[in-house]
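The block underneath contains the structure these notes are about, expressed in C-alpha coordinates.
The values are calculated or read from the model by the stated rules, or taken from the named source; none is laboratory data. Owing to the predicted nature of the structure, the values given are computational and were not obtained by experimental measurement. Counting neighbours? That spans all protein chains shown, and the Cβs are built from the backbone with ideal geometry, glycine included.
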Amino acid sequence: MIEDIKKDASIRMGKSVESFNNELAKIRTGRAHVSLLDQVTVDYYGSMVPISQVGNVIAEDARTILVTPWEKDMVKAVEKAIMTSDLGLNPATAGVAIRVPMPPLTEERRRELVKVVKHEAENAKVAVRNIRRDANGDLKDLLKEKEISEDDERKGQDGIQKLTDKHIVDIDKLLAVKEAELMEI
(Lines give C-alpha, C1' and ligand atoms only; values in the text may rest on other atoms or scores of the structure.)
Protein backbone atom coordinates (compact mmCIF):
# COMPACT_ATOMS: atom_id res chain seq x y z
CA MET A 1 0.00 0.00 0.00
CA ILE A 2 2.73 2.45 0.96
CA GLU A 3 4.67 1.58 -2.20
CA ASP A 4 1.55 2.23 -4.29
CA ILE A 5 1.16 5.68 -2.72
CA LYS A 6 4.85 6.47 -3.31
CA LYS A 7 4.69 5.21 -6.90
CA ASP A 8 1.57 7.30 -7.62
CA ALA A 9 3.17 10.38 -6.03
CA SER A 10 6.36 9.85 -8.06
CA ILE A 11 4.42 9.58 -11.32
CA ARG A 12 2.38 12.70 -10.58
CA MET A 13 5.47 14.68 -9.52
CA GLY A 14 7.22 13.59 -12.71
CA LYS A 15 4.26 14.88 -14.72
CA SER A 16 4.50 18.23 -12.91
CA VAL A 17 8.19 18.51 -13.84
CA GLU A 18 7.37 17.51 -17.43
CA SER A 19 4.61 20.13 -17.59
CA PHE A 20 7.04 22.77 -16.31
CA ASN A 21 9.53 21.73 -18.98
CA ASN A 22 6.82 22.12 -21.64
CA GLU A 23 6.00 25.60 -20.34
CA LEU A 24 9.69 26.54 -20.59
CA ALA A 25 9.77 25.44 -24.22
CA LYS A 26 7.09 28.02 -25.03
CA ILE A 27 9.18 30.90 -23.67
CA ARG A 28 11.40 32.11 -26.47
CA THR A 29 15.06 32.89 -25.98
CA GLY A 30 15.78 34.73 -29.22
CA ARG A 31 16.78 31.49 -30.90
CA ALA A 32 14.59 29.88 -33.52
CA HIS A 33 12.92 26.75 -32.21
CA VAL A 34 10.00 25.00 -33.92
CA SER A 35 8.20 24.35 -30.61
CA LEU A 36 7.69 28.11 -30.41
CA LEU A 37 4.85 27.82 -32.94
CA ASP A 38 3.23 24.76 -31.28
CA GLN A 39 0.43 26.76 -29.65
CA VAL A 40 -0.33 28.82 -32.79
CA THR A 41 -3.47 27.53 -34.51
CA VAL A 42 -4.65 28.14 -38.08
CA ASP A 43 -8.20 28.23 -39.46
CA TYR A 44 -8.14 25.19 -41.74
CA TYR A 45 -11.47 25.04 -43.59
CA GLY A 46 -13.50 25.93 -40.51
CA SER A 47 -11.54 24.15 -37.76
CA MET A 48 -8.60 25.45 -35.76
CA VAL A 49 -5.53 23.21 -36.11
CA PRO A 50 -1.86 23.63 -35.07
CA ILE A 51 0.48 25.01 -37.74
CA SER A 52 2.39 21.73 -37.80
CA GLN A 53 -0.73 20.04 -39.24
CA VAL A 54 -1.03 22.37 -42.24
CA GLY A 55 2.61 22.61 -43.23
CA ASN A 56 6.23 21.79 -42.64
CA VAL A 57 7.86 23.77 -39.78
CA ILE A 58 11.66 23.77 -39.53
CA ALA A 59 14.39 25.91 -37.98
CA GLU A 60 16.11 27.29 -41.07
CA ASP A 61 18.98 28.76 -39.02
CA ALA A 62 19.59 30.01 -35.46
CA ARG A 63 17.35 33.05 -35.98
CA THR A 64 14.73 31.94 -38.53
CA ILE A 65 11.84 29.47 -38.60
CA LEU A 66 10.65 28.36 -42.04
CA VAL A 67 7.00 27.36 -42.48
CA THR A 68 6.01 25.74 -45.77
CA PRO A 69 2.24 25.09 -45.99
CA TRP A 70 1.26 21.96 -47.91
CA GLU A 71 -1.51 23.86 -49.70
CA LYS A 72 -0.81 27.12 -51.50
CA ASP A 73 -4.18 28.50 -50.30
CA MET A 74 -3.03 28.24 -46.67
CA VAL A 75 -0.08 30.67 -46.96
CA LYS A 76 -2.15 33.77 -46.04
CA ALA A 77 -3.99 31.97 -43.21
CA VAL A 78 -0.72 30.70 -41.67
CA GLU A 79 0.91 34.13 -41.98
CA LYS A 80 -2.12 35.77 -40.31
CA ALA A 81 -2.15 33.18 -37.51
CA ILE A 82 1.53 33.85 -36.72
CA MET A 83 1.00 37.63 -36.80
CA THR A 84 -2.05 37.55 -34.51
CA SER A 85 -0.42 35.19 -31.99
CA ASP A 86 0.88 36.79 -28.80
CA LEU A 87 4.48 35.86 -29.68
CA GLY A 88 5.38 39.23 -31.21
CA LEU A 89 6.64 37.74 -34.48
CA ASN A 90 6.48 39.28 -37.97
CA PRO A 91 6.49 36.62 -40.69
CA ALA A 92 7.68 37.39 -44.22
CA THR A 93 6.17 35.49 -47.14
CA ALA A 94 8.29 34.52 -50.14
CA GLY A 95 6.11 32.60 -52.60
CA VAL A 96 4.87 29.51 -50.73
CA ALA A 97 7.43 29.73 -47.91
CA ILE A 98 6.93 31.82 -44.79
CA ARG A 99 10.06 32.94 -42.96
CA VAL A 100 9.65 33.92 -39.32
CA PRO A 101 12.72 35.85 -38.11
CA MET A 102 13.37 35.90 -34.36
CA PRO A 103 13.88 39.48 -33.18
CA PRO A 104 16.76 39.85 -30.70
CA LEU A 105 15.63 40.20 -27.08
CA THR A 106 16.31 43.44 -25.25
CA GLU A 107 17.88 43.34 -21.77
CA GLU A 108 14.59 44.50 -20.24
CA ARG A 109 12.62 41.79 -22.04
CA ARG A 110 15.15 39.16 -20.92
CA ARG A 111 14.66 40.19 -17.28
CA GLU A 112 10.86 40.03 -17.69
CA LEU A 113 11.15 36.53 -19.18
CA VAL A 114 13.36 35.43 -16.26
CA LYS A 115 10.62 36.60 -13.88
CA VAL A 116 8.04 34.63 -15.87
CA VAL A 117 10.25 31.54 -15.78
CA LYS A 118 10.76 31.87 -12.01
CA HIS A 119 7.00 32.20 -11.54
CA GLU A 120 6.41 29.04 -13.59
CA ALA A 121 9.06 27.24 -11.53
CA GLU A 122 7.34 28.26 -8.32
CA ASN A 123 4.00 26.99 -9.66
CA ALA A 124 5.64 23.66 -10.50
CA LYS A 125 7.13 23.42 -7.00
CA VAL A 126 3.73 24.18 -5.46
CA ALA A 127 2.21 21.38 -7.57
CA VAL A 128 4.89 18.94 -6.34
CA ARG A 129 4.29 19.99 -2.71
CA ASN A 130 0.54 19.54 -3.15
CA ILE A 131 1.16 16.00 -4.38
CA ARG A 132 3.32 15.41 -1.28
CA ARG A 133 0.49 16.69 0.91
CA ASP A 134 -2.02 14.37 -0.79
CA ALA A 135 0.29 11.36 -0.40
CA ASN A 136 0.92 12.12 3.27
CA GLY A 137 -2.85 12.45 3.75
CA ASP A 138 -3.32 9.01 2.21
CA LEU A 139 -0.75 7.61 4.66
CA LYS A 140 -2.57 9.21 7.58
CA ASP A 141 -5.83 7.64 6.38
CA LEU A 142 -4.18 4.21 6.31
CA LEU A 143 -2.87 4.79 9.84
CA LYS A 144 -6.37 5.80 11.04
CA GLU A 145 -7.82 2.64 9.54
CA LYS A 146 -5.04 0.70 11.33
CA GLU A 147 -3.81 -0.78 8.06
CA ILE A 148 -0.24 0.39 8.74
CA SER A 149 1.78 1.13 11.89
CA GLU A 150 3.08 4.54 12.93
CA ASP A 151 6.61 3.44 12.01
CA ASP A 152 5.44 2.48 8.52
CA GLU A 153 3.70 5.84 8.19
CA ARG A 154 6.89 7.68 9.23
CA LYS A 155 8.98 5.66 6.73
CA GLY A 156 6.42 6.36 4.03
CA GLN A 157 6.50 10.10 4.76
CA ASP A 158 10.31 10.07 4.64
CA GLY A 159 10.20 8.33 1.25
CA ILE A 160 7.67 10.82 -0.08
CA GLN A 161 9.82 13.71 1.20
CA LYS A 162 12.83 12.29 -0.66
CA LEU A 163 10.74 12.11 -3.85
CA THR A 164 9.61 15.70 -3.31
CA ASP A 165 13.20 16.91 -2.79
CA LYS A 166 14.37 15.07 -5.92
CA HIS A 167 11.65 16.60 -8.11
CA ILE A 168 12.20 20.10 -6.72
CA VAL A 169 15.92 19.76 -7.52
CA ASP A 170 14.92 18.75 -11.08
CA ILE A 171 12.75 21.89 -11.36
CA ASP A 172 15.62 24.05 -10.05
CA LYS A 173 18.00 22.54 -12.63
CA LEU A 174 15.57 23.25 -15.49
CA LEU A 175 15.11 26.79 -14.16
CA ALA A 176 18.87 27.43 -14.00
CA VAL A 177 19.37 26.19 -17.58
CA LYS A 178 16.53 28.36 -18.92
CA GLU A 179 17.72 31.43 -16.98
CA ALA A 180 21.23 31.06 -18.39
CA GLU A 181 19.75 30.58 -21.88
CA LEU A 182 17.65 33.75 -21.53
CA MET A 183 20.46 35.95 -20.24
CA GLU A 184 22.96 34.75 -22.88
CA ILE A 185 23.40 37.28 -25.67
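Among the residues of the range 45-94, how many are modelled with pLDDT of 85 or more, hydrophobic (A, V, I, L, M, F, W, C) and closer than 26 Å to ILE27 by Cβ?
Number of matching residues: 16.
Which number in (1) surrounded by 14 or more Cβ atoms within 10 Å (Cβ to Cβ); (2) assigned by TED's automatic domain parsing to the domain that holds LYS155; (3) of a type outside the set (D, E, K, R) marks the one condition that ALA59 misses?
ALA59 satisfies every listed condition except (2).
Can you name the condition, by its number, that VAL96 falls short on among (1) among the hydrophobic types (A, V, I, L, M, F, W, C); (2) touching a helix residue (DSSP H, G or I) at 6+ places or on another chain (Cβ under 7 Å); (3) surrounded by 18 or more Cβ atoms within 10 Å (Cβ to Cβ); (4) more than 17 Å from VAL17 (Cα to Cα)?
(3)
Would you mention how many residues in the range 11-42 are crowded, with 18+ Cβ neighbours inside 10 Å, of a type in the set (Gly, Ala, Ser) and more than 30 Å from ILE82 (Cβ to Cβ)?
1
Please tell me if PRO91 is over 22 Å from the mean Cα position of the chain (by Cα) and closer than 26 Å to GLU107 by Cβ.
Values: over 22 Å from the mean Cα position of the chain (by Cα): yes; closer than 26 Å to GLU107 by Cβ: yes.
It is true that PRO91 is over 22 Å from the mean Cα position of the chain (by Cα) and closer than 26 Å to GLU107 by Cβ.
Just checking, which of ASP8, ASP73 is among the acidic types (Asp, Glu), surrounded by fewer than 18 Cβ atoms within 10 Å (Cβ to Cβ) and not assigned by TED's automatic domain parsing to the domain that holds LEU139? Before the answer, list the steps.
Working: ASP8 fails: not assigned by TED's automatic domain parsing to the domain that holds LEU139.
On inspection, the qualifying residue turns out to be ASP73.
Of the numbered conditions (1) surrounded by fewer than 14 Cβ atoms within 10 Å (Cβ to Cβ); (2) closer than 30 Å to GLU147 by Cα; (3) of a type in the set (Val, Ile, Thr), VAL49 fails exactly one; give the number of that condition.
Checking VAL49 against (1) surrounded by fewer than 14 Cβ atoms within 10 Å (Cβ to Cβ); (2) closer than 30 Å to GLU147 by Cα; (3) of a type in the set (Val, Ile, Thr), the one that fails is (2).
Checking ALA59 against (1) in contact (Cβ under 8 Å) with a residue 12 or more places away in the chain; (2) outside any strand (DSSP E or B), which test does it fail?
Every listed condition holds for ALA59 apart from (2).
Just one of the numbered conditions (1) assigned to a helix (DSSP H, G or I); (2) on the phi > 0 side of the Ramachandran plot; (3) not aliphatic (A, V, I, L, M) is not true of GLY88; which one?
(1)
Of all residues in the range 120-176 being without any contact (Cβ under 8 Å) to a residue 40 or more places away in the chain and among the polar types (S, T, N, Q), which is farthest from ARG12 (Cα to Cα)?
SER149
Which one of LEU139, LEU105 is surrounded by 15 or more Cβ atoms within 10 Å (Cβ to Cβ) and more than 27 Å from the chain's Cα centre (by Cα)?
Working: LEU105 fails: more than 27 Å from the chain's Cα centre (by Cα).
Testing whether each residue is surrounded by 15 or more Cβ atoms within 10 Å (Cβ to Cβ) and more than 27 Å from the chain's Cα centre (by Cα) leaves just LEU139.
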